[in-house]
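For reference, the structure is listed below as structure tokens.
Since every read-out is calculated from the coordinates, none of them should be taken as a lab result. On a predicted model such as this, the values are computed, not experimentally measured, just so you know. FYI the Cβ positions are ideal-geometry reconstructions off the backbone, even for glycines, and counts take in every protein chain you see.
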């Protein structure tokens, strides 16, 4: 035997509506309420676009590069997608990106890689002054990746000095914090 309960509204003991149905729309809670889902519970439905997980990484360690070859900035994040259909949104800010004053052609190239594959050219010749001046600032980025994988993925930034004569650095002051966030989105 199946029991059926038919109601339009469920209220708490104070008379506040906690579940309300109107015109085929179900409202759970009210503005400012918190909806808690127990650990291990699953919400089913189409789920497309739902954020499945969020991971982050930070660094404030200064890294210098005197060459025109890409080197790791120290900013990295690892994420393991739960399905091959998932998308990964990567957002971040590289702090205190610096080009030295020793050469007028000096600037900074900055890229985002998945493992060792470039997936975004973040900045090409950043902070180029066309004169022998120091220049420094933060560089923000975001990218939507479709890795088609359920293996652990490593996203990181890399940089090099354009001229290969002088030097470039990231986290130049050793105090500014670079951050990276990876979010798995149900696909």
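How far is it, in nm, from the label point at residue 132 to the one at residue 7 when both lie 7 Å from their Cα along the line to the Cβ?
It works out to 8.0 nm between the two label points.
Can you figure out the FRET efficiency of residue 115 with residue 27, using R₀ = 45 Å and their beta-carbon distance, to the nearest 0.05?
Result of the calculation: an efficiency of 0.55.
How do 21, 184 line up, fewest other C-beta atoms within 10 Å first?
If I rank by nearby Cβ atoms, fewest first, I get 21, 184.
Using 1/(1 + (r/R0)^6) with R0 = 30 angstrom and r between the beta carbons of residue 177 and residue 85, what's the FRET efficiency to the nearest 0.05?
For R0 = 30 Å, the calculated efficiency reads 0.35.
Determine the equivalent ellipsoid of segment 101-187 by diagonalising the alpha-carbon gyration tensor, then write out the semi-axes as square roots of 5 times the eigenvalues, largest first, rounded to whole Å.
30, 13, 10
Quick one: Cα centre-to-centre distance for segment 122-164 and segment 85-120, in angstrom?
Taking the Cα centre of each part, segment 122-164 and segment 85-120 sit 1 Å apart.
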